[in-house]
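Structure first, then comments.
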Amino acid sequence: MGSIQVLLHVSTDDYRIRKARRPSVATYRRTINRLVGYFRDIGVREFGTWNEANHASQPTWGSPNHAALYFREMHRAVKGRCRTCAVVALDVLDQAGVERYMRRFYRRLSKTFRRRATVVGIHNYGDVNRKRTRFTRNIIRRAHHYNRRTKFWLTETGGIVKFGRSFPCSTSRAASRMTWMFKVARRYRTAGINRLYIYNWTGAGCDARFDAGLVSPHGTPRAAYRYLRTVLPNYIR
């Protein structure tokens, strides 16, 4: 049995659209130093600066400048304690405007921190569930424009069971999109995708706004779970 590795990502505690307040850089620094210090001591080696930074549920959605400054502080906090630990510099959703957001993020970084931004997280729900590659491709190209050494982690991805009116409840559709998820990851593996995190384990049910669970709210395996059981042995860790 392999060991479990934790990717600890920072997020807001107020998910109302465009309502969350950004912490000051000084507040972020103080909080991150406490957080990294505690979790590093118990073995965490991978940290994310801010989850889905360009989405309107996050306080960073309108300020890639703050996202860049937060990365600087996270990098210093993590690397000051563990030079071989990893930092997800920027974590973005594949939505309209993501390329512009990234451009502003990188322009706010110094050349030194552009070089240090070696991991970018992608939530490519749109590409996976609409069976396209456009945003994944463009995010990779934009990051490589500023740092050719960047690697990419699909920090949230998977087949959507239910999401508003765009995706009516369907466990079979969600399972079928898992095949596309792996196709996208394979297609861009040589471009730097080297990790994939499927979100999530337990579904919320068809009455919820969002559900991407591999099992039902009661723990019953869904079609996507059964598909993964079949194909995962074909993939190296």
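Nothing in this text is a laboratory measurement; each read-out follows from the coordinates by a stated rule. If you're wondering where the values come from, they're calculated on a predicted model, not measured in any experiment. FYI the Cβ positions are ideal-geometry reconstructions off the backbone, even for glycines, and counts take in every protein chain you see.
Things to note:
- Filtered residue count, segment 215-237, keeping only those that are in a loop (DSSP other than H, G, I, E, B) and without any contact (Cβ under 8 Å) to a residue 24 or more places away in the chain: 6
- Every residue from segment 1-43 that is part of a loop (DSSP other than H, G, I, E, B), surrounded by 14 or more Cβ atoms within 10 Å (Cβ to Cβ) and either touching a helix residue (DSSP H, G or I) at 6+ places or on another chain (Cβ under 8 Å) or among the small types (Gly, Ala, Ser) (or both): Val10, Ser11, Ala20, Arg22, Pro23
- Pro59 satisfies every condition listed in (1) assigned to a loop (DSSP other than H, G, I, E, B); (2) over 18 Å from the mean Cα position of the chain (by Cα); (3) touching a residue at least 24 places away in the same chain (Cβ under 8 Å); (4) more than 26 Å from Gly192 (Cα to Cα) except (2).
- Top-ranked residue of segment 132-190 - restricted to ones that are in contact (Cβ under 8 Å) with a residue 60 or more places away in the chain and either outside any loop (DSSP other than H, G, I, E, B) or touching a strand residue (DSSP E or B) at 6+ places or on another chain (Cβ under 6 Å) (or both), ranked as farthest from Ala89 (Cα to Cα): Val161
- Search result, residues across segment 191-204 that are under 25 Å from Ala117 (Cα atoms) and either without any contact (Cβ under 8 Å) to a residue 24 or more places away in the chain or not in a loop (DSSP other than H, G, I, E, B) (or both): Ile193, Asn194, Arg195, Leu196, Tyr197, Ile198
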